[in-house]
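Colleague: Sending over a structure as structure tokens; questions will come in a sec.
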Amino acid sequence: MSGRLVLLGSKGGPALRPGGPWPTSTLLELGGRTIVVDCGLGVTRGLVDAGSSLKTLDLIFITHLHSDHVLELGPLIHTAWTAGLASPVRIYGPPGTGHYWQCFCRALEFDIEIRIVDEGRPDIRTLVTVEEFAEGPVLDEHGLTVAALRVDHPPVTDCFALRFEHDGRSVVFSSDTAFFPPLAGFAKEADILVHEAMLESGVERLVARTGNGARLREHLFASHSLAEEAGRIARDANVRRLVLTHLIPADDPAVGEADWIAAVRKTWSGDLTIARDGLVVGLSGAKAASGEETA
Ligand SMILES: [Zn+2]
Ligand SMILES: [Zn+2]
């Protein structure tokens, strides 16, 4: 069965700038399932614009609890609920995800209670279950398997790459990570590797214009991967396509797609997609889907 990947939000970090891209979230349609991977700000808007009905929300995976990956998790489910969601939703996330969800429901208690009474909606708190996972197998259901690998994203320790497989198709998400060679084994022969990436020259400019520059620079280089490092993982894993996302910087007018391509081509000569909000990557293994960008 074919599927598709939609890059809903393609920037790294929580900041928004005029006309710029949204933080991280991705829609994966695989094996007839609707899977959301990470819920940065803008995920709800992105799903609706991608033509995905919020009422069919099914599986949500959170790779780690940085806000650019989890901020809109509660608002997404709540908005789906007010749009008529009546079927169960399962959230898979690292330890702490249950706490987030409970606190969100408490914060929205007034609205939740009033809509149950006033609009006759099912209780959102019983529609949603949270499964906190660790490294290893996460899910095996109707031919869909999901596995997690702990990656290197200090100071966050519970940060996981995810591998989704169904009927011979596989998609791997690096999550946020410094260059992490074990990821190549985890992503072996995947159809698509979605890897985070920084552009070195762009990061230096970003650091130069930021107040807390030295500290930011130290964090970025200790916790994230350069585009050419993502290319090395893709090459060592022998994946069919590399998709660069969680781009840092993502909103510097001096940085264009050609700069990303030049950096990653130092290490990766295979199929390549540089993410943009709303970009669709087909998973049929055959022809490129409409709107797909190849470089
Ligand atoms: Zn991030
Ligand atoms: Zn992070």
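Colleague: What residue, among those in segment 32-49 that are in a loop (DSSP other than H, G, I, E, B) and open to solvent by less than 20 Å² (accessible area, probe 1.4 Å), is nearest to ALA190 (Cα to Cα)?
Modeller: Keep residues of segment 32-49 that are in a loop (DSSP other than H, G, I, E, B), which gives 32, 40-42.
Next cut, open to solvent by less than 20 Å² (accessible area, probe 1.4 Å) only: 40, 42.
Numbers: GLY40: 25, GLY42: 28 Å.
For segment 32-49, the residue satisfying everything is GLY40.
Colleague: Here are some conditions: (1) in a helix (DSSP H, G or I); (2) at pLDDT 95 or above; (3) away from ligand 2 (no atom under 15 Å from the Cβ). LEU27 meets all but one. Which one does it not meet?
Modeller: So LEU27 meets the others, but not (1).
Colleague: With respect to the numbered conditions (1) within 16 Å of ligand 1 (Cβ to nearest atom); (2) of a type in the set (A, V, I, L, M, F, W, C); (3) in contact with a helix residue (DSSP H, G or I) (Cβ under 7 Å, 6 or more places away or on another chain), which one is the sole condition not fulfilled by LEU71?
Modeller: (3)
Colleague: Would you confirm, using the coordinates I've provided, whether PHE186 is open to solvent by 30 Å² or more (accessible area, probe 1.4 Å) and touching a strand residue (DSSP E or B) at 6+ places or on another chain (Cβ under 6 Å)?
Modeller: Values: open to solvent by 30 Å² or more (accessible area, probe 1.4 Å): yes; touching a strand residue (DSSP E or B) at 6+ places or on another chain (Cβ under 6 Å): yes.
For PHE186, the condition - open to solvent by 30 Å² or more (accessible area, probe 1.4 Å) and touching a strand residue (DSSP E or B) at 6+ places or on another chain (Cβ under 6 Å) - is met.
Colleague: Residue check: is ALA237 modelled with pLDDT of 95 or more, over 22 Å from the mean Cα position of the chain (by Cα) and either surrounded by fewer than 23 Cβ atoms within 10 Å (Cβ to Cβ) or not small (Gly, Ala, Ser) (or both)? If you could, list the steps in order and put the result at the bottom.
Modeller: Working: modelled with pLDDT of 95 or more: yes; over 22 Å from the mean Cα position of the chain (by Cα): no; either surrounded by fewer than 23 Cβ atoms within 10 Å (Cβ to Cβ) or not small (Gly, Ala, Ser) (or both): yes.
Here the answer is no, as ALA237 does not meet what is asked.
Colleague: Can we say GLY202 is part of a helix (DSSP H, G or I), crowded, with 18+ Cβ neighbours inside 10 Å and away from ligand 2 (no atom under 16 Å from the Cβ)?
Modeller: Values: part of a helix (DSSP H, G or I): yes; crowded, with 18+ Cβ neighbours inside 10 Å: yes; away from ligand 2 (no atom under 16 Å from the Cβ): yes.
In short, yes.
Colleague: Out of all the residues in segment 165-188, which are within 16 Å of ligand 2 (Cβ to nearest atom) and closer than 16 Å to LEU242 by Cβ?
Modeller: Of everything in segment 165-188, those that are within 16 Å of ligand 2 (Cβ to nearest atom) and closer than 16 Å to LEU242 by Cβ turn out to be PHE173, SER174, SER175, THR177, PHE179, PHE180, LEU183.
Colleague: Continuing with the same structure: Just name the residue that is farthest from ligand 2 (Cβ to nearest atom) out of those in segment 53-81 that are closer than 17 Å to GLY3 by Cβ, open to solvent by 10 Å² or more (accessible area, probe 1.4 Å) and touching a strand residue (DSSP E or B) at 6+ places or on another chain (Cβ under 6 Å).
Modeller: Per the stated criteria, the residue is THR56.
Colleague: Evaluate the following for TYR92: is it within 16 Å of ligand 2 (Cβ to nearest atom), aromatic (Phe, Trp, Tyr) and closer than 30 Å to PHE221 by Cα?
Modeller: In short, no.
Colleague: Something else about it: Just checking, how many residues over segment 153-174 are polar (S, T, N, Q), out of contact with any strand residue (DSSP E or B) (no Cβ under 6 Å at 6 or more places or on another chain) and either away from ligand 1 (no atom under 16 Å from the Cβ) or under 18 Å from THR24 (Cβ atoms) (or both)?
Modeller: At the first step, the residues of segment 153-174 found to be polar (S, T, N, Q) are 157, 170, 174.
Those still in the list that are out of contact with any strand residue (DSSP E or B) (no Cβ under 6 Å at 6 or more places or on another chain) too: 157, 170.
Narrowing the set further to residues that are either away from ligand 1 (no atom under 16 Å from the Cβ) or under 18 Å from THR24 (Cβ atoms) (or both) leaves 170.
Adding up the residues that qualify gives 1.
Colleague: Can you name the residue in segment 134-164 that is in a strand (DSSP E or B) and open to solvent by less than 10 Å² (accessible area, probe 1.4 Å) and is also farthest from ligand 2 (Cβ to nearest atom) among such residues?
Modeller: The initial filter retains those residues of segment 134-164 that are in a strand (DSSP E or B), namely 136-141, 144-150, 153, 156, 160-164.
Right, trim to open to solvent by less than 10 Å² (accessible area, probe 1.4 Å) and you get 144, 146, 148, 153, 160-162, 164.
Working: LEU144: 25, VAL146: 20, ALA148: 15, HIS153: 6, PHE160: 11, ALA161: 12, LEU162: 14, PHE164: 20 Å.
My answer is LEU144.
Colleague: From the residues in segment 175-211 that are touching a residue at least 60 places away in the same chain (Cβ under 8 Å) and not aliphatic (A, V, I, L, M), which one is nearest to ligand 1 (Cβ to nearest atom)?
Modeller: Pass one, segment 175-211, residues touching a residue at least 60 places away in the same chain (Cβ under 8 Å): 175-176, 191-192, 194, 196-200.
Among the residues that remain, those that are also not aliphatic (A, V, I, L, M) are: 175-176, 191, 196, 200.
Numbers: SER175: 8, ASP176: 4, ASP191: 23, GLU196: 7, GLU200: 18 Å.
Among them, the one singled out is ASP176.
The values are calculated or read from the model by the stated rules, or taken from the named source; none is laboratory data. Given the structure is predicted, the values throughout are model-derived calculations rather than measurements. Here Cβ is always computed from backbone atoms with ideal geometry, including for glycine, and neighbour counts include all displayed protein chains. Accessible surface areas use protein heavy atoms only, side chains included; no ligands, DNA or RNA. Shrake-Rupley method; radii C 1.70, N 1.55, O 1.52, S 1.80 Å.
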